[in-house]
Amino acid sequence: MGGAAAVRAEADRRRGDAGEAGGRGRRGVRQVRDPHEGSERRDAAGRHGRRAAADDGGTGGATGGTAGAGAGSAPRGRKGRERLTPPSWLALTFLLPALLLLGFLVVYPIVYSVIRSFFDATGDFAGLDNYTGVFQGHDNIVAVRNTAIWVVVAPTIVTIVGLVFAVLTERIRWATAFKLVVFMPMAISFLASGVIFRLVYQQDPDKGVANAAMVAVHDMFSTDRTYPGAGPRTAGDQPVRDDGGAVVAARPVTAGQTVILPLVKVKPEYLPETAEPAASPPKAGSGEITGTVWFDFTRGGGGALNQPNQGESGLPDVRVEAVRGGEVVATATTGPDGTFTLEDVGSGQVTVRLPQDNFTEAYRGAEWLGGTLITPAIIGSYLWVWAGFAMVLIAAGLAAIPRDALEAARVDGATEWQVFRRVTIPLLAPVLMVVLVTLTINVLKVFDLVYIIGGGDPNASVLALEMWTESFGGGNDQGAGSAIAVLLFLLVLPAMLFNIRRMQQERK
């Protein structure tokens with residue numbers, strides 16, 4: 001019995017030791033799992049001690065020590081944060097080179113321009129005369145007007161075209177390639193772009209791409225042919241004479257007669273390939289008048305004057321009119337051999353006339369670099385350069401639009417146009433505003449394209465170009481140029497502040 005009791009006592013002791021070890025292991029696991037448990041207990045003890053001290057009117061040693069340990073953790077946190085922040089003198093040392101460069105390149109020129117704008121070309125004080133002079137004189141008024149046109153038209157068109165491109169690229173297969181092609185002009189300098197479009201807008205269709213395309217389209221729908229410079233002989237008794245640019249027969253004719261209309265001074269390049277050797281007028285029938293219009297010139301000499309000779313070319317596509325009493329009673333067009341027939345002439349004498357339109361210059365396209373179209377033409381080149389910029393920014397905004405909103409509108413029965421107008425555009429409004437303001441700032445400073453394409457034409461001038469002209473381009477009046485520069489700065493400033501404010505709002 002005593003031996004059995006001893007065995008049971010030893011077993012109980014061992015189970016007790018194992019339980020105590022397990023308890024210590026579980027406490028260790030809890031401590032590993034919850035490292036903040038000890039601090040939380042200490043904070044709770046501190047709070048309990050403070051309440052006890054307030055109730056008893058004294059301080060407990062253990063509670064006060066715990067509270068003191070809790071309070072001492074705050075200074076250690078502040079010291080750690082302070083160690084992460086560099087000293088002010090060190091930050092200023094690193095910023096000083098950038099600040100000096102910024103002041104030298106930005107602040108100093110602005111201040112000096114403002115001061116210089118109050119003095120004239122000789123350096124004498126002029127007050128506000130330079131500022132009032134910006135709105136006086138024909139060239140200055142044209143520059144102000146063109147700048148206003150640029151500000152209103154160019155950013156709007158570029159933003160609209162960029163929006164259209166951005167929307168369409170989401171629906172085409174080769175969107176990346178299309179974006180690359182549209183954005184590529186941004187990689188070209190404004191100087192090179194100006195040279196390119198200076199050639200594009202050349203008046204000669206053989207050189208200018210724009211007029212070459214216009215002439216090609218015009219010739220597709222118009223078969224009129226002209227012979228600029230052609231006309232009758234002036235010496236002696238000739239069968240035809242000049243009449244204010246038109247060519248008329250020297251004598252009236254009646255139905256049943258024939259008439260000859262020889263012309264000279266026809267340039268070889270205007271003779272069409274379809275022209276055939278000149279033929280004698282066909283026999284006229286009842287109520288008809290026939291005749292021939294030809295180039296009365298025989299290569300190598302010889303031949304009779306005022307008669308179709310061998311080797312002489314007929315003039316096709318010449319419009320012929322029969323005129324009686326100032327009214328056209330019949331018309332005809334010459335064939336490849338120059339012959340024509342006027343039908344239903346009626347009774348009485350008529351005058352056979354070749355209208356002036358036959359001898360005017362052929363259609364050569366638009367005068368892009370003339371006084372009327374030069375500003376729209378330059379804006380067109382600006383659109384070519386900046387459309388890619390607007391497209392990329394707007395496409396990024398489109399990619400950020402939640403597709404759920406678009407799909408919900410379609411499920412509700414909205415058409416694609418309604419989705420675009422009532423969902424896409426409102427969600428894109430911030431991006432569109434940023435693009436529009438950025439382009440407006442850029443337009444106020446446009447110089448390269450106007451200078452290269454306009455070629456110094458006052459009809460194309462803008463304020464930025466006028467500023468350079470007044471200061472360095474022959475005016476030699478830095479005071480007037482500085483006044484224009486300050487005015488441009490004041491015009492750009494609101495747009496810059498708007499952009500900065502919008503960026504700050506987006507950060508918040």
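The values are calculated or read from the model by the stated rules, or taken from the named source; none is laboratory data. All values reported here derive from a predicted model rather than from experimental measurement. Cβ: placed from backbone, ideal geometry, glycine included. Neighbour counts: every protein chain shown. These area figures cover heavy atoms from the full protein model, side chains too; ligands, DNA and RNA do not enter into them. Shrake-Rupley method; radii C 1.70, N 1.55, O 1.52, S 1.80 Å.
Odds and ends about this structure:
- Number of positions in the range 140-185 that are without any contact (Cβ under 8 Å) to a residue 40 or more places away in the chain, assigned to a helix (DSSP H, G or I) and of a type outside the set (K, R): 12
- Put simply, of D448, D404, D477 the only residue that is among the charged types (D, E, K, R) and either closer than 23 Å to I149 by Cβ or touching a strand residue (DSSP E or B) at 6+ places or on another chain (Cβ under 6 Å) (or both) is D448.
- Looking only at residues in the range 391-413 that are open to solvent by 30 Å² or more (accessible area, probe 1.4 Å) and touching a helix residue (DSSP H, G or I) at 6+ places or on another chain (Cβ under 9 Å), the one that is farthest from L497 (Cα to Cα) is R410.
- Subset of the range 116-139 (residues that are of a type in the set (V, I, T), surrounded by fewer than 12 Cβ atoms within 10 Å (Cβ to Cβ) and touching a residue at least 60 places away in the same chain (Cβ under 8 Å)): none
- Scan of the range 304-328 for residues that are in a loop (DSSP other than H, G, I, E, B) and either charged (D, E, K, R) or under 21 Å from A250 (Cβ atoms) (or both), ordered by number: A304, L305, N306, Q307, P308, N309, E312, L315, D317, V318, G325, G326
- Qualifying residue in the range 398-412 (condition: over 17 Å from V152 (Cα atoms), under 29 Å from the mean Cα position of the chain (by Cα) and touching a residue at least 60 places away in the same chain (Cβ under 8 Å)): yes
- Meets criteria (closer than 30 Å to G455 by Cα, loosely packed, with under 12 Cβ neighbours inside 10 Å and of a type in the set (G, A, S)) for A187: yes
- Against the test of being within 30 Å of M220 (Cβ to Cβ) and open to solvent by 80 Å² or more (accessible area, probe 1.4 Å), the options T360, T375, T333, T341 yield a single qualifying residue, T333.
- Every pair of residues 6+ apart whose Cβ atoms lie under 9 Å, when the first sits in the range 88-110 and is in contact (Cβ under 8 Å) with a residue 60 or more places away in the chain while the second is open to solvent by 80 Å² or more (accessible area, probe 1.4 Å): I110/F489
- For the range 434-451, the criterion of being buried (at least 17 other Cβ atoms within 10 Å of the Cβ), farther than 28 Å from G397 by Cβ, at pLDDT 90 or above and among the hydrophobic types (A, V, I, L, M, F, W, C) is met by at least one residue.
- Looking only at residues in the range 311-337 that are touching a residue at least 24 places away in the same chain (Cβ under 8 Å) and acidic (D, E), the one that is nearest to G287 (Cα to Cα) is E321.
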